[in-house]
Amino acid sequence: MVNTDDFAGTSAMTKLILRRDLMILPIFVIFMVILVVGIAASFLELYPDETIRQAFFLQMQNNPTIVALLGSVQDPSIGGLTAWRTGIPGTIVLGLISIFLIIRHTRSEERKGRLEILNSTRVGRQAALTAAFIVTYGLSIFISFAIAAGLIGLGLPPESSLVLGLSMGVFGCLIAAISGVAVQFTESSGDARYITVAILLGFFVLRILGWDNGNAAWISWLSPIGWVHQIRSFAGNELWVFGIFLIFITGLTVTAYWLSSKRDLGAGIISQRPGPAHGSLRLKNSLALAWRLHRGMLLFWILIFALFGAMFGYTAQTINDMINANPQFMSLISQLGGNAGPADSYFTFVLASLGEIFAVYAILATLKLRTQESKKYSEFILTSSVSRNDWAVSNLIFAVLGSATIMIIFGLVFGLSYGLNTGNLSTDLPRILTAIMAYLPAVWIFCGISMALFGWLPRFTSLSWAVLGLIVVIDLLSGFYDLTPLIKNLSPYTNVPKLLVGDTLGWSLFLVLMVAALLILIGIVGYNRRDING
């Protein structure tokens, strides 16, 4: 039986979340709309002729790697191509947004003791969880309608545009419901985040395993990402698949409330076990402890990007054929790459996006400093012989050198796979590796921004994500509009030389490197001047 007192204060909690995320939520909406509508606009420009779209459609259908990653193209129309290209990336990004919001406003608040204070007033036990659901579900649905409005504005069919937008929105709601359950099991927001991201990754792997239309196709039905594909936006609009989403969203939401009512505030269904009374000798210094804390995330990123590198290299020949068959695409690529080959120009285009993804690791690794401080772990460490500088630098090493290691591994595997594919390994491997490493100073800028915020404004370290979102928007708009140099240069990626298409290393990249180093130094100075938990 529902106790209405448990939901007292939900309205106030919802307003509080909206006020706290006043800057972040609009960025999420703008990013998702630009991601989907921008790709639709690029397809309109690149594939205006039906014959070219049909040729592109056949090439994509015959590439097993691309079909495995993005699914098959279900319709050669502009809407069909947009649904194919944005379906899986869009759902994954919206899923990550849902994970971030639910954990931020439930388990993180509980872990910090704020919910205990609020629950001592007239705020009910389930108010925080309900408010987090309201905001996250509402944001997913709002993004759905915003995407649909953008596609309709480009002249695409209204019904199919709405179906595409809602297919992403219900996936965001489903991941929010899964996150709502996950936070009930753990006492740590970090553990809840790892569980939900692992589930999201598992959905993607199941989708890949069930990529074909043969005996293994049923596996894709085990993954909600496969359900998004089965909705068939712009290719029949199978609306009944939404019913599967609604059943699971409802069931998981009810489960989250039930589990929440069965545990103590601050505790999880699975209690954390106490560690050993004495630490291992391997943890005898701050660097060894930092390795213990960073190694899981670092090895996970290395593995993922090694796989990406192998797949990019494997698709090289198909990309050459695809670009050569499309005069519009050739024209665009020639603008990017001058006299460079189509594959090199395309890889340059891809590396610009991957550079922003590498920045995600840089921010995550740097902000582990803030996580340790907010959990008061750093207080115990700093009461020993470890100085502030030792502790901060030990963690920064894994942010700085860790991002470099990930990019080196990606570049080596990418270059090796591509070189073996083209039969020109001795030339292609060093070219591609050097081109990728040119993005490293721009990635380190985000280490610097995160460290500077941690050093001087630790309560505002989340602004690192807002800055990354702003840079992504600027880079996306630069591809479609003629922005002024002042705005373009706000992005560090603008100053990265495109080595594969003929650019050379210059002073601008050195300047980016100096800015990154200066920001890190500013952050360390600030951290030494402020109070712990400031």
- Query: Would a scan of segment 228-240 turn up a residue that is open to solvent by less than 10 Å² (accessible area, probe 1.4 Å), farther than 21 Å from Val36 by Cβ and outside any helix (DSSP H, G or I)?
  - Reply: no
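So that you can scan it fast, the table gives a plain yes or no per residue for (1) modelled with pLDDT under 80; (2) more than 18 Å from the chain's Cα centre (by Cα):
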{"residue": "Phe31", "(1), (2)": "no, no"}
{"residue": "Val36", "(1), (2)": "no, no"}
{"residue": "Glu50", "(1), (2)": "no, yes"}
{"residue": "Thr65", "(1), (2)": "yes, yes"}
- Message: Any residue at all in segment 87-97 that's in contact (Cβ under 8 Å) with a residue 60 or more places away in the chain, over 20 Å from the mean Cα position of the chain (by Cα) and surrounded by fewer than 20 Cβ atoms within 10 Å (Cβ to Cβ)?
- Response: no
- Message: So Thr253 passes all but one of these: (1) closer than 30 Å to Ser374 by Cβ; (2) touching a Ser or Thr at 6+ places or on another chain (Cβ under 8 Å); (3) at pLDDT 90 or above. Which condition number does it fail?
- Response: (2)
- Message: Would you confirm whether or not segment 384-391 contains a residue that is surrounded by 19 or more Cβ atoms within 10 Å (Cβ to Cβ) and in contact with a Phe, Trp or Tyr (Cβ under 8 Å, 6 or more places away or on another chain)?
- Response: no
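Going through segment 405-453 one residue at a time, which ones are of a type in the set (Ser, Thr, Tyr) and in contact (Cβ under 8 Å) with a residue 24 or more places away in the chain?
Hits for segment 405-453 are Thr405, Ser417, Tyr418, Thr422, Thr434, Tyr439, Ser450.
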- helices (runs of 4 or more DSSP H) (entirely within segment 351-430) containing at least 3 residues that are touching a helix residue (DSSP H, G or I) at 6+ places or on another chain (Cβ under 9 Å) and under 27 Å from Asn495 (Cβ atoms): 388-422
- Message: Cβ-Cβ distance below 6 Å, separation of 6 or more or different chains: which pairs start in segment 211-232 with a residue that is on the phi > 0 side of the Ramachandran plot and end on one that is open to solvent by 30 Å² or more (accessible area, probe 1.4 Å) and at pLDDT 90 or above?
- Response: Arg232/Glu238
- Unique match (being buried (at least 24 other Cβ atoms within 10 Å of the Cβ) and either in contact with a Ser or Thr (Cβ under 8 Å, 6 or more places away or on another chain) or not aromatic (Phe, Trp, Tyr) (or both)) among Arg207, Arg193: Arg207
- Query: In the list Ala198, Ala132, which residue meets the criterion of being over 26 Å from Ile39 (Cβ atoms), in contact with a Lys or Arg (Cβ under 9 Å, 6 or more places away or on another chain) and part of a helix (DSSP H, G or I)?
  - Reply: Ala132
- Scanning segment 98-126 residue by residue, those of a type in the set (A, V, I, L, M, F, W, C), open to solvent by less than 30 Å² (accessible area, probe 1.4 Å) and at pLDDT 85 or above turn out to be Ile99, Leu101, Ile102, Ile103
- Note on the structure: In segment 129-144, anything buried (at least 21 other Cβ atoms within 10 Å of the Cβ), farther than 15 Å from Val254 by Cα and among the small types (Gly, Ala, Ser) is listed as Ser140, Ser144
- Determine whether segment 115-126 contains at least one residue that is of a type in the set (Gly, Ala, Ser) and assigned to a loop (DSSP other than H, G, I, E, B). yes
- Would you mind finding the one in Ala442, Ala399, Ala435 that is aliphatic (A, V, I, L, M), more than 19 Å from the chain's Cα centre (by Cα) and open to solvent by less than 20 Å² (accessible area, probe 1.4 Å)? Ala435
- Query: So which residues in segment 163-191 are more than 13 Å from Ile99 (Cβ to Cβ) and either modelled with pLDDT of 95 or more or in a helix (DSSP H, G or I) (or both)?
  - Reply: Val163, Leu164, Gly165, Leu166, Ser167, Met168, Gly169, Val170, Gln184, Phe185
- Report the residue count in segment 1-23 for those that are part of a helix (DSSP H, G or I) and either open to solvent by less than 30 Å² (accessible area, probe 1.4 Å) or modelled with pLDDT under 85 (or both). 7
- Residue that is nearest to the chain's Cα centre (by Cα), among those in segment 216-238 that are more than 22 Å from Arg85 (Cβ to Cβ) and not aromatic (Phe, Trp, Tyr): Leu222
- Are there any pairs with C-beta distances below 6 angstrom linking a residue in segment 513-526 that is farther than 14 Å from Leu396 by Cα to a residue that is surrounded by 14 or more Cβ atoms within 10 Å (Cβ to Cβ), with the two at least 6 apart or on different chains, and if so which? Leu513/Pro441; Gly526/Gly455; Gly526/Trp456
- Item | Subset of segment 504-520 (residues that are aliphatic (A, V, I, L, M) and open to solvent by 100 Å² or more (accessible area, probe 1.4 Å)) | Leu505
- Which listed residue is within 23 Å of Ile302 (Cα to Cα), modelled with pLDDT under 90 and among the small types (Gly, Ala, Ser), from Ser394, Ser450, Ser426, Ser417: Ser417
- Query: Here are Leu416, Leu453, Leu463, Leu412: which of them is open to solvent by 30 Å² or more (accessible area, probe 1.4 Å), of a type in the set (A, V, I, L, M) and over 27 Å from Asp344 (Cβ atoms)?
  - Reply: Leu463
- Item | Criterion (open to solvent by 70 Å² or more (accessible area, probe 1.4 Å) and either at pLDDT 75 or above or touching an Asp or Glu at 6+ places or on another chain (Cβ under 6 Å) (or both)) met by exactly one of Leu336, Leu298, Leu265, Leu289 | Leu265
- Take the residues in segment 68-85 that are open to solvent by less than 10 Å² (accessible area, probe 1.4 Å) and at pLDDT below 85, then tell me which one is nearest to the chain's Cα centre (by Cα). Gly71
- Somewhere in segment 217-227, is a residue under 24 Å from Gln272 (Cα atoms), hydroxyl-bearing (Ser, Thr, Tyr) and part of a helix (DSSP H, G or I)? no
- So is Gly469 closer than 21 Å to Val360 by Cα, in contact with a His (Cβ under 7 Å, 6 or more places away or on another chain) and not aromatic (Phe, Trp, Tyr) or not? no
- Message: Return the residues of segment 149-184 that are buried (at least 24 other Cβ atoms within 10 Å of the Cβ) and among the small types (Gly, Ala, Ser); say none if nothing qualifies.
- Response: Ser160, Ser161, Gly165, Ser167, Gly169, Gly172, Ala176, Ala177, Ser179, Gly180, Ala182
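The values are calculated or read from the model by the stated rules, or taken from the named source; none is laboratory data. Remember, predicted model here, so these are calculated numbers, not experimental data. Using ideal geometry, Cβ is built from the backbone for each residue, glycine included, and neighbour counts are taken over all protein chains shown. Calculation scope for accessible area: heavy atoms of the full protein, side chains included, ligands and nucleic acids excluded. Shrake-Rupley method; radii C 1.70, N 1.55, O 1.52, S 1.80 Å.
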